[in-house]
Each structure stands twice: as C-alpha cells, then as structure tokens.
Amino acid sequence: MSNQFIDHITQRRTIYAIGKNTNQSPEHLTDLIQTAIKQSPSSFNSQSSRAVILFDGESEKFWNLVAEKLKSYAKDEEGAAKTTAKMASFAAGVGTVLFFEDMDVITGLQEQFPSYAENFPIWAEHSTAIAQFAVWTALHTEGLGASLQHYNPIVDAEVHAEWDIPANWKLRAQLVFGSVEGEAKAKGFMDDAARFKVFK
C-alpha cells in the first residue's frame, strides 16, 4: 500500500537510544508539538489534553526526579544501577513532553451531560492517547526518535510542585525524544485473521 500517512506510522517506532544531536530549535519543536495536540480530536471537542514541554536541562531535571523516586523501589544495588542507567538514557534526549488531562473539563462534561457521565473519563483516555500518538508521529517526521513512558503517579506530586502544575491536571504519560542514536527492535505482528473481521 502506498500512502504517506501509513508510511509515517509504519516507520514510527519506539527508539530508546536517543541523543541531543538535533538541528531543530526548541521553538520549532514547541510549535510542532502544540499543533499536533491542537489538531488531535477529542470527545465533544472537549480539548481536555494538556502538555508541559521540557527541553534540555528541564527534561534532565524531570528524569533525575524519577530516578530519585525509584531508588526506594530498588530491591538491590544491581537493580538500582539498572534503573539509574535507564533514567540517564532518557535524560540524554533533547526533551520530554508530559501529557496531562484536565479533570475539571471532564467533570464539567459529566455534569453537563449526565447520561454520558461514566464515559467521559474513558473518552479522555482516548483523547490523550490520540494526542500522544500524533506528537510521536510528528516528531518522527522530523527525523527524531522517541519512546512513551508512564512513571505516573509515582512522581505526580514532585512534578506538580516543580513546574507549578494546576491541581486539576492529571499526569497520564511522558514522551521522551531526541536524535536517533540506535535502531528500533524488530516488531512482530499477530495473524490478521485473529485480529480483523471484514464483511462485504
């Protein structure tokens, strides 16, 4: 199949080996990330997705916070060393996008449309997932590598305090990005017959 969008999402992969060897300015990448999120669909056009974009030292500060928090979870020195090395590999990138959902927006929709109240938190998860995928793919089109991480909620309090995040913003994921310094792992696929049904 020849389709530019399909080509982009096919080539977009999880890249763990990232660095700071990029040509794009923080201003350019900020505009790219913000536009990708703004153009991502959301239920009832709620636009509940929020993002904090951290570059260079601020991104490193985030991963240092995570590393410090994870020390208490390590079972032994070997485990602690592996965790520290993993966080250092994330800090080696150019930046990190912290994805949040605005819970006030979700609560407001639940009050406005009580018949759908139980669905709005689910739809919010859909919205943030689409925004994350859109940003990830947009960064890929710039030749950058990224990986999606989930160190929430263990660092939520520290993040809210460090970057003065509104209390109603709920951290959902972290997308770390940078120059591609290593290949993605091979990706396998399950059999189509077990995954899809087509009726004509």
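The values are calculated or read from the model by the stated rules, or taken from the named source; none is laboratory data. None of the values given here were measured: they were computed from a predicted structure. Reconstructed Cβ throughout: ideal geometry from the backbone, glycine too, with neighbour counts over all protein chains shown. With ligands, DNA and RNA removed, areas are computed over all heavy atoms of the protein, side chains included. Shrake-Rupley method; radii C 1.70, N 1.55, O 1.52, S 1.80 Å.
Here is a yes/no grid of residues against (1) at positive phi; (2) touching a Ser or Thr at 6+ places or on another chain (Cβ under 9 Å); (3) not β-branched (Val, Ile, Thr):
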position: Gly19; (1), (2), (3): no, yes, yes
position: Ile33; (1), (2), (3): no, no, no
position: Pro41; (1), (2), (3): no, yes, yes
position: Leu65; (1), (2), (3): no, no, yes
position: Tyr73; (1), (2), (3): no, yes, yes
position: Asp76; (1), (2), (3): no, no, yes
position: Lys86; (1), (2), (3): no, no, yes
position: Phe90; (1), (2), (3): no, yes, yes
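Based on what the data block shows, is Ile165 under 22 Å from Gly57 (Cα atoms), of a type outside the set (Ser, Thr, Tyr) and surrounded by fewer than 20 Cβ atoms within 10 Å (Cβ to Cβ)?
On the way: under 22 Å from Gly57 (Cα atoms): yes; of a type outside the set (Ser, Thr, Tyr): yes; surrounded by fewer than 20 Cβ atoms within 10 Å (Cβ to Cβ): yes.
Answer is yes for this residue.
In segment 19-41, what residues are within 22 Å of Thr128 (Cβ to Cβ) and not in a helix (DSSP H, G or I)? Spell out the reasoning first.
Filtering segment 19-41 for residues within 22 Å of Thr128 (Cβ to Cβ) gives 29-41.
Answer for segment 19-41, where residues must be within 22 Å of Thr128 (Cβ to Cβ) and not in a helix (DSSP H, G or I): Gln39, Ser40, Pro41.
Could you tell me whether any residue of segment 136-159 is in a helix (DSSP H, G or I) and without any contact (Cβ under 8 Å) to a residue 60 or more places away in the chain?
Within segment 136-159, the subset in a helix (DSSP H, G or I) is 136-141, 156-159.
Subsequent filtering for residues that are without any contact (Cβ under 8 Å) to a residue 60 or more places away in the chain retains 156-157.
So far as segment 136-159 goes, yes, one or more of its residues are in a helix (DSSP H, G or I) and without any contact (Cβ under 8 Å) to a residue 60 or more places away in the chain.
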All-but-one check, Glu101 against (1) touching a Ser or Thr at 6+ places or on another chain (Cβ under 6 Å); (2) exposed (fewer than 13 other Cβ atoms within 10 Å of the Cβ), failing number (2)
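Residues are listed down the side, and each one gets a yes or a no for (1) open to solvent by less than 20 Å² (accessible area, probe 1.4 Å); (2) at pLDDT 95 or above; (3) of a type in the set (Lys, Arg):
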position	(1), (2), (3)
Phe120	yes, yes, no
Glu125	no, yes, no
Phe133	no, yes, no
Trp136	no, yes, no
Ala146	yes, yes, no
Val159	yes, yes, no
Glu183	no, no, no
Lys187	no, no, yes
Lys200	no, yes, yes
Return the residue satisfying two criteria in turn: it lies in segment 1-44 and is small (Gly, Ala, Ser) and touching a residue at least 40 places away in the same chain (Cβ under 8 Å), and of such residues it is farthest from Val180 (Cα to Cα).
Ser43
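Which of the residues belonging to segment 42-64 are open to solvent by 50 Å² or more (accessible area, probe 1.4 Å) and either among the acidic types (Asp, Glu) or part of a helix (DSSP H, G or I) (or both)? Outline the logic, then answer.
Restricting attention to segment 42-64, the residues satisfying the condition of being open to solvent by 50 Å² or more (accessible area, probe 1.4 Å) are 44-45, 47, 50, 56, 58, 60-61, 64.
Within segment 42-64, Phe44, Asn45, Asp56, Glu58, Glu60, Lys61, Asn64 meet the criteria.
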Can you tell me which residue is modelled with the lowest pLDDT among those in segment 1-15 that are under 20 Å from the mean Cα position of the chain (by Cα) and aliphatic (A, V, I, L, M)?
Ile9
Can you tell me how many residues within segment 10-27 are closer than 23 Å to Met87 by Cα and surrounded by 12 or more Cβ atoms within 10 Å (Cβ to Cβ)?
11
Could you tell me how many of the residues in segment 74-106 are in contact (Cβ under 8 Å) with a residue 12 or more places away in the chain and in a helix (DSSP H, G or I)?
11
Only one of these is under 23 Å from the mean Cα position of the chain (by Cα), open to solvent by less than 60 Å² (accessible area, probe 1.4 Å) and not charged (D, E, K, R): Thr96, Thr84. Name it.
Thr96
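Results for (1) surrounded by 11 or more Cβ atoms within 10 Å (Cβ to Cβ); (2) over 13 Å from Phe55 (Cβ atoms), shown as yes or no for each residue.
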residue	(1), (2)
Phe5	no, yes
His8	yes, yes
Leu29	yes, no
Ser40	yes, yes
